[in-house]
Amino acid sequence: YTYVTAFLTDVSGLATHLVGLALLVRGVAGTVGVVLGGRLVRRRARRAIPAMVLLQTLAFAALSVIGGIGHGVARALGGTAVAAVVLVAVAGLAFSALTALLAGEVFDIAPASPDLAAAGTSTAVNSGIAAGAFVGGALLSSYGPQGTVVSAALASAVAFAVLRIAPRRTPRTK
């Protein structure tokens, strides 16, 4: 997320004057993701959380492919920038839905302290964003914008694997 502009312009070939529009598309997708996550939180959160992590993983993996061929065939065909914007929007939708779903799950797990649960969720998400920005900065200088997307795909894949093997917690009753 932090290095999306560099990826969109340097790798996918998006014109600089279209970056604002691309970020708007990502923002709208994020809003849709929050609404989607909010609707799924009470009915299907246990299945929706891994689904959103998988969706984010697939979007970043596809962006990684674009990064690998961005200066080649796909860019010559002119579809790379549009595909990259769509995939960034999909990743944004998945992440935003995930944060809403996680918040709902935390409230179920810690019903006696909803204020502390909300603060913990917010802190965890923002710490993850900060850590990602730090790692992305190191990768950007060594591997370019492609490195940031590949690392995002790998981190998301690890998160998905952990979700698949982690034991399920049963929500506490109020």
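The values are calculated or read from the model by the stated rules, or taken from the named source; none is laboratory data. Only a predicted model underlies this, so the values are computations on that prediction, with no experimental measurement involved. Here the Cβ is made from the backbone with ideal geometry for all residues, glycine too, and neighbour counts use every protein chain on show. In case anyone asks, the SASA skips ligands and DNA or RNA and just uses the protein heavy atoms, side chains included. Shrake-Rupley method; radii C 1.70, N 1.55, O 1.52, S 1.80 Å.
A few points about this structure:
- The orientation-averaged projection of the convex hull spanning the C-alpha atoms of the range 1-149 amounts to 8.9 square nanometres.
- Dividing the helix sum by the residues of the chain, where each DSSP H run of 4 or more adds -39500 (n - 2.57), gives a mean residue ellipticity at 222 nm of -26500 deg cm²/dmol.
- Inter-part distance where the range 2-72 and the range 101-147 are each reduced to a Cα centre, Å: 16
- A crude spin-label estimate for the pair Val125 and Val158, with each label 7 Å from Cα along the Cβ direction, gives 2.2 nm.
- Rounded tilt (10° steps) of 19-40 against the dominant C-alpha axis of the chain: 20
- Relative contact order of the chain, pairs being alpha-carbon contacts under 8 Å that are 6 or more residues apart, as %: 34
- Residue-normalised accessible area of the chain, given per residue in Å² at a 1.4 Å probe: 55
- Between 0 and 90 degrees, the angle of helix 45-69 with respect to the longest Cα principal axis of the chain falls at about 10 degrees.
- Sites Ile165 and Asp115, calculated FRET efficiency, Cβ-Cβ separation with R0 30 Å, nearest 0.05: 0.45
- The modelled label-to-label distance for the pair Val19/Arg47, using points 7 Å beyond Cα in the direction of Cβ, is 4.1 nm.
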